[in-house]
1. Cβ-Cβ distance below 8 Å, separation of 6 or more or different chains: which pairs start in segment 331-351 with a residue that is under 17 Å from Ala251 (Cβ atoms) and end on one that is of a type in the set (A, V, I, L, M) and open to solvent by 20 Å² or more (accessible area, probe 1.4 Å)?
2. Here are some conditions: (1) of a type in the set (Val, Ile, Thr); (2) more than 18 Å from Leu143 (Cα to Cα); (3) open to solvent by less than 10 Å² (accessible area, probe 1.4 Å). Val103 meets all but one. Which one does it not meet?
3. Just give me the residues in segment 185-223 being aromatic (Phe, Trp, Tyr) and in contact (Cβ under 8 Å) with a residue 60 or more places away in the chain, in sequence order.
4. Quick check on segment 345-397: of everything there that is in contact with a helix residue (DSSP H, G or I) (Cβ under 7 Å, 6 or more places away or on another chain) and small (Gly, Ala, Ser), which residue is nearest to Gln172 (Cα to Cα)?
5. Do you know which residues across segment 117-134 are surrounded by fewer than 18 Cβ atoms within 10 Å (Cβ to Cβ), at pLDDT 95 or above and part of a helix (DSSP H, G or I)?
6. Where the second residue is acidic (Asp, Glu) and open to solvent by 10 Å² or more (accessible area, probe 1.4 Å) and the first is touching a residue at least 40 places away in the same chain (Cβ under 8 Å) and more than 21 Å from Lys261 (Cβ to Cβ) and lies in segment 30-59, which pairs have Cβ atoms under 6 Å and are six or more apart or on separate chains?
7. I'd like the full set of residues that are part of a helix (DSSP H, G or I) and open to solvent by less than 30 Å² (accessible area, probe 1.4 Å), limited to segment 261-285.
Amino acid sequence: MSQRIVIENKIQKFNENIIVPGDKSLSIRWVLLASIASGISKSKNLLLSEDVLAAIEIIKKLGIKVKKKNNEFIIFGNGINGYNVKRNLVLDAKNSGTCGRLVLGLLSSYENKIKLIGDKSLSKRDFKRIADPLNKFGVKFKLTNNKTLPLIIKGNSNLKPINYLEKRGSAQCKSAVMLAALNANGITKIKAKKSRNHTELLFKYLNIPIKIKKNRNYDFIEINKVRSIKPFDYNIPGDISSSAFFIALAAMNTGSKILIKNVNINPSRIGIIQIFKKMGIRIMLKNIKNYKGEKIANIEVHGSNKIKPINCPTKFNSGAIDEFLIIFLLAAKANGVSYFKDLEELNQKESPRLKWGAKILNLMGIKNKVDNNSIRIYGNPELTINKKIIIKDYLKDHRVFMTSVIAALSFGGEWVIHDKNSINTSFPNFLKIINQIKNNAKK
């Protein structure tokens with residue numbers, strides 16, 4: 001079967017209702033926290049992507065029983081320190097930075113050496129940023145080139161609490177430290193630059209001893225040791241990062257409308273909505289509900305032919321860090337120059353995404369300038385592409401693939417996009433939903 005797709009026609013005007021798969025961040029966190037809970041936890045709408053399946057395989061190798069019954073996953077948690085860590089154990093995080101980094105927090109109290117590996121893309125990413133704070137707890141690491149996977153972790157059964165400054169805005173670093181703190185003998189104090197707060201919300205819901213204070217730029221978190229975590233059932237809401245591609249597709253198609261149902265709109269994740277609104281896109285959040293600490297809503301988006309440029313406030317960066325590739329496409333269609341800065345975290349993802357964002361824009365014929373983790377995009381609302389564009393060799397970054405599909409449907413041209421199996425990382429049925437929208441748009 002060919003691992004490339006060819007798109008030759010722009011999408012027609014459409015009016016569609018869709019449901020996107022379960023949130024990846026919440027799916028992975030449920031798997032990991034359920035594995036250390038004392039008892040049976042159940043989940044519906046768990047995202048069946050390679051990243052989440054990697055987390056499931058890891059906890060199974062750690063001696064946790066997992067069952068699937070119809071659309072429900074069941075995890076039989078063995079409690080805090082309930083993993084069975086065999087000698088010479090090798091765990092494979094595949095492409096998942098979230099899984100790979102968070103599980104190191106959970107392994108910090110186990111003294112047998114454990115080897116963590118990942119795929120080609122994950123093996124290029126920085127794990128020293130996790131090893132450094134965990135080392136302060138008393139955990140020892142041996143990293144490849146002092147930075148990357150494969151790595152060896154040797155935990156400590158007598159972890160000491162730490163004070164930690166997380167200044168990158170990385171929810172993965174913050175969460176790894178939070179998970180290690182569950183086993184530390186005392187209060188761990190974290191000063192963290194604003195980032196996703198799914199872990200904090202789950203800790204609160206599970207009555208894990210956590211205190212949080214906030215100011216404009218940082219969260220101040222205190223976590224105490226726990227003896228047990230209650231099992232919990234979770235119906236995973238839709239993923240805002242998966243929704244982003246369809247939000248953009250509708251926004252750039254004049255007269256189109258889409259309703260995306262039951263999406264997690266956690267305030268730390270809706271940077272794309274805030275940015276798109278500032279760029280003149282009509283977006284409405286409907287039927288807002290609270291679910292176990294998270295906010296959920298239906299997202300309605302209307303297409304526009306008057307997209308405004310933006311000098312993007314950096315306060316939106318952490319809430320849109322996975323969506324900037326698709327935001328760059330909207331800027332390409334804006335009537336003016338858009339500017340985005342302080343995007344160094346983009347290059348800590350599956351591929352160097354700032355570089356790839358600029359490359360896609362260049363291939364499209366959109367002038368842009370990248371300088372010191374910033375990008376200036378000179379929008380062209382009249383752009384229609386009439387040439388062949390080939391997208392390949394992008395470390396199989398799922399978001400590069402999906403962004404390229406949205407670009408092809410929005411701007412025209414003949415696009416040949418390789419490695420379509422990359423979407424299995426986060427959104428296996430992405431193309432199925434795209435085809436649904438395309439087919440209904442023709443009617």
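The values are calculated or read from the model by the stated rules, or taken from the named source; none is laboratory data. Model, not experiment: these values are computed from the prediction. Here the Cβ positions follow ideal geometry from the backbone for every residue, glycine too, while neighbour counts run over all protein chains shown. Just so you know, the surface numbers come from the protein's heavy atoms only, side chains and all, with ligands and any DNA or RNA stripped out. Shrake-Rupley method; radii C 1.70, N 1.55, O 1.52, S 1.80 Å.
1. From residues that are under 17 Å from Ala251 (Cβ atoms), the pairs are Ala332/Leu383; Lys333/Leu383.
2. So the condition that Val103 fails would be (2).
3. Initially, segment 185-223 is screened for residues aromatic (Phe, Trp, Tyr), giving 203, 205, 218, 220.
Selection gives Tyr205 alone.
4. Across segment 345-397, the extreme among qualifying residues is Ser351.
5. Correct list: Ser123, Lys128, Arg129, Asp132.
6. Lys42/Glu72; Lys42/Asp233
7. Gly271, Ile272, Ile273, Ile275, Phe276
Per-residue answers, yes or no, for (1) over 30 Å from Ala408 (Cβ atoms); (2) open to solvent by 20 Å² or more (accessible area, probe 1.4 Å); (3) part of a strand (DSSP E or B):
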{"site": "Ser242", "(1), (2), (3)": "no, no, no"}
{"site": "Ile247", "(1), (2), (3)": "no, no, no"}
{"site": "Asn253", "(1), (2), (3)": "no, yes, no"}
{"site": "Asn287", "(1), (2), (3)": "yes, yes, yes"}
